[in-house]
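Values quoted throughout were computed directly from the atomic coordinates according to the rules given, and no laboratory measurement underlies them. As the structure is a prediction and not an experimental result, all values here were calculated from the model. Backbone-built Cβ (ideal geometry, glycine too); neighbour counts: all protein chains shown.
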Amino acid sequence: MNIMELVQPANLHKRSAYSFNTWFTWLTIVGTIVNASGLFLPILEPDGALYATIAKNMALTGDYVKLMFEGNDWLDKPHFPFWITAFSFKLFGINSFAYKFPGLLFWLAGAWYTYAFANKLYNKQTAQWAVLIYISVEHLILSNNDVRAEPYLTGLMIGAAHYYYLAYKNNKWKHYIVGSLLLAFAIMTKGIFIGCMVMAGFVIEWTIKKEWKQFLNYRWSVSMLLVLLFIMPELISLYLQFDQHPEKLVFGQHKVSGIRFFFWDSQFGRFFNTGPIKGTGSKLFYVHTLLWAFLPWSVILFVMVGASIKNFKTTLSATGNYVCGGIGIAGFLVFSLSRFQLPHYLNILYPFFAIIVANWLLNLKNKPLLKTVTYSQHILFFLLFGACISLALVMRLPYAIPAIVILAAFATAITLIFSGNGLQHILARSFAVIMVVNLFLNTLFYPALFKYQSGNEAAAFLNKQIQHPVHMFNDVSAEYAFQFYYEGSIKKIDPHELNDLQNDIVVYTSKEKTDALQHMGYQVRIIRSFPHFHISQVTGRFLNVNTREKALDYFVIATIQPGMLALAL
């Protein structure tokens, strides 16, 4: 068998009763279902629950200008995803599904634009595999459960790049306008850096190809003006909430400009570490992030990058297209050089990585590299199944033994269905195993974890009771899930206000806090205690059932009576 036979759809067709197009359709459906399998799970702390609470406040008050949290002005992220989420709450009610569903729709739009962009750049087969890679990237699947701004950004950024590419090739106003609109939505989701990354890909393309006339094309200047026009709702909202009120205290300062924060401090300030929100980052942070976040394709990505060292331009784009590679490289460098780093920041680059990797794989003719890809994906296949089995045993998950049997059955079925040794079969097995892994996570692993996210557990308990106003202490870390899921009113209170109480109050706070209050002499009655752990940052000690208790804190629902008992009594 020659090398080209390995990469042709016919190689799959020879061992299957169905065409590759049929397999593509069914794999896409399966991938979409798995990505949607976390829609009804609770919202994860901290960021997701925080954003959901802010959007909940927006929907309940009808104030779509101000971003508010705990009665305070909130200046960190732009408005667009909060507007969309608040609209979803109005449509579906205030619940987990309504929070996550819009993000899934934008992620699906990202899949569509990944296909359209790859098909325009290369061909249908590359577009199909780019989509399959996109919908199976591990961190994108996780982000459809732990929804923040990234699912919105992922769809908007690849969409803007797609329409701008059509504008670049066809020079039609409709493509400039739609591209500018999507880019404006992306900027109103994350900030001005998004626009810089998208345009960097085109600047790299034009520079390599010496298409200097593009820099003089006035339509690009008009497009940037259109972006500025389209983001006016964001700028007006920021002006009304912050710039018009210099007396407000934000980030511990007065006279804080929301517009300046949007254009500079939120993005460039974080990049140069000069803004009010600072971080400490490593230049290699995103290198090791990719190892797990881009599974099951991360090894292939690193092999591709390694192969590109000798012939960078050819590997970047085998057919002379540099936009995807330019956006991917520019974005990766910007994030790596920034001092403020979080793993999910890379999500917006994965559609472009998917297109690059798909094109590289389907043009791969180097036998040693083909063997490397084959062996690495074989090993990864068994490692991922082994990881799920180990997790079920170490955590002593409910139905662990039936789950292990089902995992083994899935492994056998995948091996039989995609039994060929061609590259298409190997990639299909990689796709299938990551689907099984995430189905395991969303149906067994996360439901077990959420028992330790005390906020939603406490809210569910109280919602079944008579809904009294519940107090939370200002000096105890905010638990956003409780504030989102509790259907009654929540009041913030300072500990020194306890001496002025006239009646009993109900509090939701840490066990450590109630212990301290009892030690001080306050009359505290614990109603119910809830194990507490930030499950978005699991540790080995927490996962191991034998050491989990040492990793846990506890939050409680308690009543506090007026006055203080004298310690002497």
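Starting with the highest mean, order 285-298, 483-496, 243-256 by the number of other Cβ atoms within 10 Å, averaged over the residues of each peptide. Can you show the working numbers first?
Working: 285-298: 19.0, 483-496: 15.6, 243-256: 12.6.
Those peptides, ordered most packed to least, come out 285-298, 483-496, 243-256.
Extension gain Met68-Asn366, at 0.36 nm per residue separation less the Cα-Cα distance, in nm?
Working: separation 298, 0.36 × 298 = 107.28 nm, distance 5.62 nm.
Extra length available between Met68 and Asn366 comes to 101.7 nm.
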(message) Just to be sure I understand the model, the point goes 7 Å from the Cα along the line to the Cβ. What's the resulting Gln465 to Thr61 distance in nm?
(response) 2.8
(request) Note the full-extension length gain between Ile379 and Gln537 as 0.36 nm times their separation in residues minus their Cα-Cα distance, in nm to one decimal. (result) 54.2 nm
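What percent do you get for the relative contact order of the chain when only Cα pairs under 8 Å and 6+ apart count? Working shown, then result.
Numbers: 848 pairs, mean separation 91.2, N = 569.
So the answer I get is 16 percent.
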(request) Rounded, prolate or oblate: pick one for the chain, where a ≥ b ≥ c are the square roots of the eigenvalues of its C-alpha gyration tensor, a/c under 1.5 means rounded, and failing that, prolate if a/b is larger than b/c, else oblate. (result) oblate
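How long is the gain from Ala408 to Asn421 if the chain were fully straight, where each residue apart is worth 0.36 nm and the alpha carbon distance is subtracted?
Values: separation 13, 0.36 × 13 = 4.68 nm, distance 2.07 nm.
Gain in length upon complete extension: 2.6 nm.
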(message) Just to be sure I understand the model, the point goes 7 Å from the Cα along the line to the Cβ. What's the resulting Phe97 to Ile192 distance in nm?
(response) 4.2
(message) Please enumerate, by chain and number, the lysines with C-alpha under 19 Å from the C-alpha of Lys451, excluding those fewer than 8 residues away in the same chain.
(response) Lys464, Lys511, Lys550
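Before anything else, pin down the relative contact order of the stretch 453-560: Cα pairs under 8 Å, at least 6 apart, normalised by residue count, whole percent. Display every interim value, and only then the final one.
Details: 168 pairs, mean separation 34.0, N = 108.
Normalised by residue count, the contact order of the stretch 453-560 is 31 percent.
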(request) Would you mind getting me the FRET efficiency between Arg528 and Glu497? Use the beta-carbon distance for r and R0 = 30 Å, nearest 0.05. (result) 0.80
(request) Sum -39500 (n - 2.57) across every DSSP H segment of at least 4 residues in the chain, then divide by the residue count to get the 222 nm mean residue ellipticity, nearest 500. (result) -18000 deg cm²/dmol
(message) Between 0 and 90 degrees, rounded to the nearest ten: what's the tilt of helix 150-170 against the longest Cα principal axis of the chain?
(response) 30
(message) On a straight-distance basis, which lysines could pair with Lys210 in a cross-link, Cα separation under 26 angstrom, same-chain partners fewer than 8 positions away excluded?
(response) Lys120, Lys169, Lys172, Lys174, Lys310, Lys313
